[in-house]
Amino acid sequence: MKARLFLNLGLVCDHLGEHKRCSEFIRRSVFIAEKSHLLEDLYRANFNLGNIYFRHGQWSKAVRCLEQAKECARKIKDKFSESECFHCIGKVQLSLADFVAARRSLKKAVLLGSQQPLDRQTVKRAFKYADLGCKLEEELGEDPVKGLGSHRAVGLAERLGDLYCKVGCYGKALDAYQAQLAGAEALGKPARELAVIHVSLAATYTDLRQHSKAVEHYRQELALRQGSPTEECGTWLNIAAAQEESGCSLEEIESSYGAAADCVQKAGQTRLQKRALRLWLAAQRRRGSSGAEDTEARLQELCAAEGWCPDGSDGEGDEEEEMDNSEPLDDSDVVLSDSDDDLEGYDKMVSGRRKAGRWNKRNEKGETTLHRACIDGNLKQVQYLVEQGHPVNPRDNCGWTPLHEACNHGHYDIVSVLLEYGANINDPGGPSCEGVTPLHDALSCGHFTVARLLVERGASVTQRGETVMDTLHKWQRTYRRELDEDTKQECVTTEAVLRKALAGGVTAAPTPAKAFGALQDSQLFDAEMSEPLLSSGTGCPSSQDRPRTNRSTEVKAAPASPTRWKSNGSATRHRARNQSSSSEDSDSDCPPAAPSQKEAPAHRENNAAPNSGRESLREAPGPSVFAREEYHSAIRGVGSAKTLLQGLSQPQYSSTAAVPSSNKSALVPEEEYLADDWLEDDLGEIQPKKKRRLGADQIASSSSRSLSVKKNSSLKPHQVKMTQMPGMVSYRRRGHETGNSTPPTNTPAVNLFQPPAQCVAASMQRSLPPPIRMRVRVQEDVFLIPVPQREADSCTVSWLCEQAAQRYYQKCGLLPRLSLQKEGALLSPQDPLLAVLHTNEEVLAEVSSWDLPPLPERYKKACDSLAVGENKRVTRLCEVQDGSSSVSVCGLSLAASCLNPLLRALKLQASLTELRISGNRLHDNLVPELVAATITMPRLRLLDISANGITGDGLEKAIDALKGQSHPAFPCLEELDLSMNQLGDGVSESLSCLLSCCPLLAKLSLQACGLTARFLQQHRLLLANALTGTGHLKSVCLSHNALGSTGFELVLKTLPLHCLTHLDLSAVCRGPADYPALEHLAKILSQDECSLTHLSLAANGLTDSSVATLARLLPSCPSLVSLNLSGNPSVTSAALHNILISLREARRPLTLLNLQGCEVSGPWDGAGLAGLSELVKDLRLCSQGLNKLDRQALKQSWETSRSRGRFVDRNSKCLLSAD
């Protein structure tokens, strides 16, 4: 709700024109939605912010926000929202005249479809514009001026200019029209055609608000249109309108309108004359001209002569010429071909005579493979790319470098690798990046460890005109209310580092020298792979920090290439693709990882600050196939790429471990190549003499063998293919299965006297196939699932999904619907299992949805799964409360065995906001199950587990169950009731950890939990930080805990009284002589920042003197409106008298004063009771000493001062209310 409120505030500010506040509010909405994983709210915020940036011409920020919105739409599987994002991205790219990128985005929008027919037509129209723009740019060529040597080229320039105007790119439209004009003049076009071009130029200058230049072209049009009074009249009217917009003098405007009237009189067209007079009259009235009366008289005279109404149009619109620069489009439906679906964005965006280099392939956003790896956080792929010589400073269409992307997404290890390979640490981005350096990017996204790394490596702290300290302070101001203590400490540490750097106290850490630096400049790397030159005025790394560049032109943000080269097929042989539902292809030049390799997860930074990155999809990283030393050694053995590898395709990399290199050549001589002779005949006469040849499919799928193995050398063990197990495994050597490096020479001989069938059975018995099993990871759990040998060939991927889902249900009580992924690629449910997976291979199971039948049915299934009987009362409550936002099973005294299936059934109850299970026997052992259920309820606001026999051990078990949570476990919890559980004094640390998981907690109840002063003496500062850190805590109840006077004072020091409004410290005294001293409380109440409104000190052994101390501070504590002093027998009428005196002095009433159980009695002083009902709105008295006469006197005093009120007198109980 808070995220939506901030979004609404931002939209209101946008409507009011307060653009800065609008951006701040919506960015706060983005932060809250990201922190709470509210994908729908995050989509709305990013989508609206992107469109707002687009309206204000901030193209780069617009694309970033829309990309994030698109990712949210993809995750929530809303294809219409995803289509809308692609449409908006396409519009941004159209406005930049990047037709190639716009065509790709809009094509995806068309394929995804739109919800409304009007939206579908709009998307199709925009796609046709983009498609037409691609064709026109391709036909016209890269340099329009040089290519306009024919009449056809001039016509193409005109069509391109009209299209630029249609998409709102008026700057490029001017270039096209000026090129058309130059070409037309060179070809000797007639004056009438040149006049049309000047009209287009004038109209475009008008759209750009450059009215003086528009007037110049209109005058040139007049010079070319002599002899046509009708057209001259229209031109003079346009001149007059432009002059009026530019603020010219009234005489100049009158002169233009007068010339238009003269021309129309010569033409003799009355309707055009009426139009000219009406426009002239309107201009005179706006300027207050004295000639308005004469013009109006001429207009009325003309209308009277023709029988027209002066105010009506009378068909004049038929004569009004409306200039339309739109390119006529085919009204037929869009036809999307599959031939250019994937490669058009990568190949057509690279201009030049040669085909695209290995590292020059880019997607529709101009991102290289290194860009995508940095966005996805793929550390191994980044390492591989930079080791192979990929440029480290290329820019995408918006001007961002890979280092910008890594800093934006907070990938610490990737930033470190890029800096080691010479990334420009102070790169200010492209022209549309507003000078944002990687350090600014890291700070504006809250990635403080990355920022400190950049400062340590020598990043400038003063670039971009403002210091990075300003950026840090701006981020703190924006998100200060949502930060936790860890993030605040990170801010303080980072600020200290920045201050030290500003003072010159931080020296740049030396960058490690790169090995084999000369190799990257050798003939092995194409010149096309080098860095593009940076534009003037931007920081550029030295030649020692990056590979040399031979490119003379920079890749533009919106390129228009005249020649579209096709992709080289061999260059993409080993490319790994990341497939997603949004059809975005991210090329990767890393070789695919071996299935048997286990990859350690890369180090990721975990901050509470928002991630404003544009992509959240992660791709399985591709490992380096060779160690660097062995790789370079092998390359030196091969020799020059142009002499030894010319004509050869890209080498196939082995997926197995590399053989240690030696001084011999990397190529294997023909006489040493063994082909298929490695298979030995170890079955005697049973094995046929003829060699069995592997099929093509088996060769292609088998693990590649090292080429350097000699005939008699030991063979490396390799993994057996599962597709060969039913037949081939029984004949394989044991060395391949057990990992022995020597061939099995001592295999027991087969008894030749046995029949052949027995021999076969014996041999098969000795070499049984190994078991087939799969590892399936479902969220945090990994299940080892065996595949039956007899059914192995018939098992499919869907069978494995079902097995994994059942095992997850038995463990967690939730039945997921799963889809399997292998190295980022989705596996089809119908595929044979053994055709796509190896034994012992781990696959990732993504939960697409959960099987959530009605609550009663889930409860019955949970009972069956746990083998416990159903409780009829619980079943009935499930039926009644199914679909409700509140579930209550209070006071049923249910045992843990009855509560366990209920908690399992309540998992993933997303709509649940209140869960009340007080008065049962939950006990400590079931607390982890309670935590597992509640963390799946993202909207839970109230949790009541009072009176459930929970102790401090149970609370520790709850904390253990919460370990490993990267985000707050209870993001919306506002009220937590742990009352009447014997927690004991040792729960301070556990309670602090629990409170840190509840960032929005507003009410905490710890009534009768067996707490004493020791509870606050242990880990008091930790508990105080947890209570203060939430920033939302309003009510705390610690009543009926034997805290004593010492504990009472510690409570006041620990609680955040600056934000607390309700405090209940009833019955906290340890005995008659250990009542709480109110001096410390009085000192706190007298402070200005105290916001306490309701205070309860009942049953604490208070006396008249202690109450008098408290009463004296009522005038200095205006926030206090409710005071409960009941159950204090030593409090008498004197205390009531002191309270009333203080209230008269403060001139404000109390809404509630509870003195029940106090010795308050008469006789009353008339002056003391004067104005009683005005001082106390609700007075409650109950005392044996309060006799009948005293109660009547109270009633009379109450009724005389207040005509409308209530007075209840029952059995020595006297209740007075002003309502």
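Only the coordinates and a few stated rules stand behind these numbers; no lab work does. Please read these numbers as outputs of a predicted model, since none were measured by experiment. Cβ: placed from backbone, ideal geometry, glycine included. Neighbour counts: every protein chain shown.
Tabulated data
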quantity: Förster-model FRET efficiency, 25 Å R0, residue 503 and residue 473, C-beta, rounded to 0.05; calculated: 0.90
quantity: Local electrostatic count, residue 1211, Cβ distance below 13 Å [Lys/Arg +1, Asp/Glu -1]; calculated: +3
quantity: Across 1003/1195; 488/1053; 128/822; 1003/1177; 20/124; 860/1003, pairs whose alpha-carbon gap is larger than 28 Å; calculated: 1003/1195; 128/822; 20/124; 860/1003
quantity: Cα-based shape type of the stretch 772-850, given that a ≥ b ≥ c are square roots of the gyration tensor eigenvalues and the cut on a/c is 1.5; calculated: prolate
quantity: Selected from 1041, 1182, 1111, residue furthest toward positive end of dipole (the stretch 1034-1193; charges at beta carbon); calculated: 1182
quantity: Listed pairs 135/189; 2/963; 172/213; 963/1034; 61/91 exceeding 21 Å between Cα atoms; calculated: 135/189; 2/963; 963/1034
